[in-house]
Amino acid sequence: IFHHSELFASIPPTCLPIVYHPNYNITFMGLEKLHPFDSGKWGKVIHFLKEEQFVSDENLVEAREASDEDLLVVHTKRYLNRLKVGIYCCFFCSTLKPPVFFHQLLVYFMPSLRCLEALPESGSVSSGGGFHHCSSDKGGGFCAYADITLAIRFLFDRVEGVSTATIIDLDAHQGNGHERDFLDDRRVFIMDVYNHNIYPGDGFAKRAIKRKVELEWGTEDSEYLQKVELHCEGALNELRPDVIVYNAGTDILDGDPLGGLSISPQGIIRRDELVFRAARRRGIPILMVTSGGYQKKTARIIADSILNLHLQGLIGADGSGSGPSAE
């Protein structure tokens, strides 16, 4: 018997499979401007999509806040208590912040699961999420909650027909959080493509990676896209999962202060299309989360990529909404 959760909700058929909540955007007396992460990035993505008249407040899926019971599906009580009392911080590292700050970083992307149920052969996008350095009892790398782990465990527990999952992690950094969580779980296949010279260098977590692609400093479009396509196809051929969670970090962008790679905006858009096409050819639902990206221009690139996915018929393909409502 599972606890009651508000994370699942019926989605009107007029909604696009794009999840957002204004609380994705974090402010704290202006101090957020001192941090390398653009804490307003997610709102900017939606702003650009509204400018293009692709989304509106009426056709977005509004994310819901996770309860403590929801979070305990993954996290330990000890870890959650440390966040609540403000003695532990993994978003601003050693800087202490009140508990309300952390709760703005809750797993708001979970309603994307409804998009997956409503679109058995299509894709959905959360404009936020992708906190891939957080595991059940430890945060890090600006990540306070293990949203990828929680999404997959909810799917396994509550959605009939979902018993295997593939994580395709294309953020510039190794996704050590979900790797630690699924280290001994054969239901989850992890592909991770990352700059091996940078944070976190978690050798223990690497044991969970089934397809490991370690990149060098300054890797450019041609090599990168070739490797992504080759290994994405290989991963999905090796295990055909019931669902894909795609961690689409934009910190691979040339000039990113933390990623160390040299991928162009066009390369990022092409990358996302490659992954979605691989999922579509196999009829596997895919959920994209946006993860890292530490330049002001990344919001525009994410928006352009979402628009391209729509133009290619890979999300919101019917032109009106997400498809049939999931009850």
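Of the peptides 225-231, 296-302, how do they stack up when ordered by the mean number of other Cβ atoms within 10 Å, highest first?
The most tightly packed comes first, giving 296-302, 225-231.
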- Query: Listed here are the pairs LYS77/LYS297; LYS50/LYS227; LYS138/LYS296; LYS41/LYS138; which of them are more than 31 Å apart at the Cα?
  - Reply: LYS77/LYS297; LYS50/LYS227
- Query: In percent, what relative contact order does the stretch 202-262 have, based on Cα pairs under 8 Å that are 6 or more apart in sequence?
  - Reply: 37
- Query: Can you give the three extents of the C-alpha atoms in the stretch 217-291 along their principal axes, from longest to shortest, in whole Å?
  - Reply: 36, 22, 18
- Task: In nm, give the distance between the simple-model label positions of ASN59 and GLU6, each being 7 Å from the Cα along the Cα-to-Cβ direction.
- Result: 2.7
- Note on the structure: Sorted by chain and number, the residues with a modelled amide H under 5 Å from that of SER124, at a separation of 5 or more or across chains, are ILE286, LEU287, MET288
- Query: How do 123-133, 67-77 rank on mean C-beta neighbours within 10 Å, highest first?
  - Reply: 123-133, 67-77
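Which order do the peptides 244-250, 172-178, 60-66 come out in when sorted by mean C-beta neighbours inside 10 angstrom, highest first?
My ranking of the peptides, most packed first, is 172-178, 244-250, 60-66.
What FRET efficiency comes out for the pair ASP185/GLU216, r = Cβ-Cβ distance, R0 = 35 Å, nearest 0.05? Show your work: numbers first, answer last.
Numbers: r = 30 Å, r/R0 = 0.86.
E between ASP185 and GLU216, to the nearest 0.05, is 0.70.
Would you please name the chymotrypsin sites (Phe, Trp or Tyr not before Pro) within the stretch 173-223 that are DSSP coil residues with at most 16 other C-beta atoms within 10 Å of their C-beta?
TRP217
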- Calculate one ³J(HN,Hα) per residue across the stretch 40-45 by plugging θ = phi - 60° into the Karplus curve 6.51 cos²θ - 1.76 cosθ + 1.60, and present them in order as whole Hz with x for glycine and proline. x, 4, 5, x, 5, 4
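Bear in mind that the values in this text are calculations on the coordinates, not laboratory data. Just so we're clear, the structure is a prediction, and the values are computed from it rather than from any experiment. Cβ coordinates were reconstructed from backbone atoms using ideal geometry, including for glycine residues, and neighbour counts include every protein chain displayed.
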